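The next block holds one structure in the form of C-alpha cells; read it before the comments.
Only the coordinates and a few stated rules stand behind these numbers; no lab work does. Please read all numbers here as calculations on a predicted model, not as lab measurements. A quick note on method: Cβ atoms are made from the backbone with ideal geometry, for glycine too, and the neighbour counts reach across all protein chains shown.
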Amino acid sequence: MTMHEPRRKRLALLGALLIGVVVAAGMAGGTRWYSQHQSEAVARALTAGEPSRAPDIIRRYGCSGCHTIPGIPGADGLVGASLSDIKRRVYVGGVAFNSPENLVRWIVSPQTFSEHSAMPATGISEAEARDVAAYLYAR
C-alpha cells in the first residue's frame with residue numbers, strides 16, 4: 001500500500017457521497033415537478049380548465065387586489081380570503097360545499113350563493129373561471 005492510497009480512498013468516498021447528494025437533490029426536485037404536474041392534471045380533469053391560462057386571467061380581473069394567491073406575484077390582497085390550499089377547504093366563500101362546479105359558479109357569480117357577498121361579480125366568463133379554478137385546485 002502506497003502512501004497516497006488512503007487519500008485516494010477518501011477522495012473516492014467523498015466523490016461517491018457528493019454524487020449521492022446530487023442524485024438525491026435531483027430526485028427531490030423531480031418529485032416536486034411530478035407532484036405539481038400530477039396536481040395540474042387532476043385539476044384539469046376536475047374543472048375542465050387550463051391552469052396555465054389562469055395567471056393572466058387573475059391579473060386581468062384584479063383578483064390579486066383582494067386575495068392572496070399562491071404563485072401570483074403581487075397577489076397579496078387582504079380584503080378577501082387567502083386562496084392558498086383551497087382544495088383542502090370544506091366550503092367556498094364560507095357558504096357552498098367545495099366542489100369544482102361550485103367554485104366555478106362562485107367565481108362567476110358569488111351573489112348566487114350569498115346575496116351580500118363582498119366579492120363582486122367581475123364579468124369573468126365560465127371558461128375563464130374554470131381556468132382559475134383549475135389553477136387554484138392545482139396549488
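Taking the fewest neighbouring Cβ atoms within 10 Å as the starting point, the ordered list for His37, His67 is His37, His67. Amide H to amide H, with H built 1.01 Å from N, Glu50 comes under 5 Å of Asp131, counting only residues 5 or more places away or on other chains.
Over the stretch 29-139, the Kirkwood radius and the radius of gyration, each from Cα atoms, give a ratio Rg/Rh of 0.95. When Tyr135, Tyr91 are arranged by Cβ crowding within 10 Å, least crowded first, meaning fewest neighbours, the order is Tyr91, Tyr135. Rounded to the nearest Hz, the phi-derived 3J(HN,Hα) couplings of the stretch 101-114 under the Karplus curve 6.51 cos²θ - 1.76 cosθ + 1.60 (θ = phi - 60°) are 5, 5, 5, 4, 4, 4, 4, 6, 8, x, 5, 4, 8, 9, where x marks glycine and proline.
Annotation: extensible slack from Gln111 through Arg89 equals 5.9 nm (criterion: 0.36 nm per residue apart, minus Cα-Cα distance).
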